[in-house]
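The values are calculated or read from the model by the stated rules, or taken from the named source; none is laboratory data. These numbers were taken from a predicted model, which means no experiment stands behind them. When we count neighbours, we look across all protein chains shown, and the Cβ atoms used for this are built from the backbone with ideal geometry, even at glycine. The accessibility values were calculated without ligands, DNA or RNA, using every heavy atom of the protein model including side chains. Shrake-Rupley method; radii C 1.70, N 1.55, O 1.52, S 1.80 Å.
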Amino acid sequence: MELMKEKKFGYGCMRLPVLNQKDQASFDYELINKLFDTYLEKGFTYFDTAYTYHGYHAEEGIRKVLVERHPRNSFQLATKLPLRDFKDSEDMERIFNEQLNNCGVNFFDYYLLHNMGSNVYEKCSKYGAFDFVAKKKAEGKIKVVGMSFHDTPELLDEILSKYGDKLDFVQLQINYIDWEQPNVQSRRCLEIANKYNKPITVMEPCKGGTLINVPEEAEKLMKDYNPAASTASWALRYAASQKGVFRVLSGMNSMEQVEDNTSFMNDFVPLNEEENAIIEKVTKIINDKTAVQCTACEYCTHGCPKNIAIPKKNCAIQQHYAYNW
């Protein structure tokens, strides 16, 4: 596929810098402008957002920072159909048109069915979500159709066996901690995608920042091998080295992160055998110090009847477990 020729690094826009953490629409536009501009100047073009990000305001923010400030042919924009939110076939049409307006564009380079899993699969089949995105692609309003997936390899196999002809790629959570985790099963999901020859975009390669701030013992292993390499570089390169992966997303909210990530992803070099051996040791160290596997994506908070701040609770549990705080 043509998309396989692109650079393997995309800008994830789920956690953009804000001025007030309690107001996820209070974008730090001055900082985001600098981050996006630098990323583009480095020769990268792909931005991944979604209808639901930043309290349903992310697409509007992307319009102001990206679409209104840069030529349309200078970037690629990906957004997603919120599978939890649509009610029926007509509602998908309404949301899609709203998204075009939110972003200020007349087509999307990439468009994904968002957060596919057993909780929404039946609804998607009933109301023709797969046919809907295929229709929009035929109309020229979507260039490339995909699906972000959070569920079992068995369900992924079922979906791709039935609807694989309507999907150009899949987006999976792949990182070295979740490689064999029962609740994610990165390796098995990747194998299923490869079975159906579906190119893969990777989300959460750093597991919500978990693989940036690693235990000292783990960081020492990495620094002893390559003192100049950041912990983020190990995580991103691990994900990008996997078979079938054509792009890895990183949510960057500082200039230091943009400069670092683009430096090693510009001329990407896969991990070698010795580096993979180090990753195995690092994985064991981290797992031995981890009580809760959490990326702080906040998907679990939507619809929680008690409005529990689940990711914050998980973070507190983890800090107590790892550091006895």
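Key figures for this structure:
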| item | result |
| --- | --- |
| Residue 31 being of a type in the set (A, V, I, L, M, F, W, C) and open to solvent by 30 Å² or more (accessible area, probe 1.4 Å) | yes |
| Any hit, region 45-61, residues being more than 20 Å from the chain's Cα centre (by Cα) and surrounded by fewer than 17 Cβ atoms within 10 Å (Cβ to Cβ) | no |
| Cβ-Cβ under 6 Å pairs, at least 6 apart or on other chains, region 172-193 side acidic (Asp, Glu), far side open to solvent by 10 Å² or more (accessible area, probe 1.4 Å) | 178/184 |
| Any hit, region 238-260, residues being free of Cβ contacts under 8 Å to residues at least 60 places away in the same chain, closer than 15 Å to residue 11 by Cα and among the charged types (D, E, K, R) | yes |
| Within region 39-54, tally of residues that are touching a residue at least 60 places away in the same chain (Cβ under 8 Å) and more than 12 Å from residue 262 (Cα to Cα) | 5 |
| Test: residue in region 156-170 that is farther than 30 Å from residue 106 by Cα, over 18 Å from the mean Cα position of the chain (by Cα) and of a type in the set (A, V, I, L, M) | no |
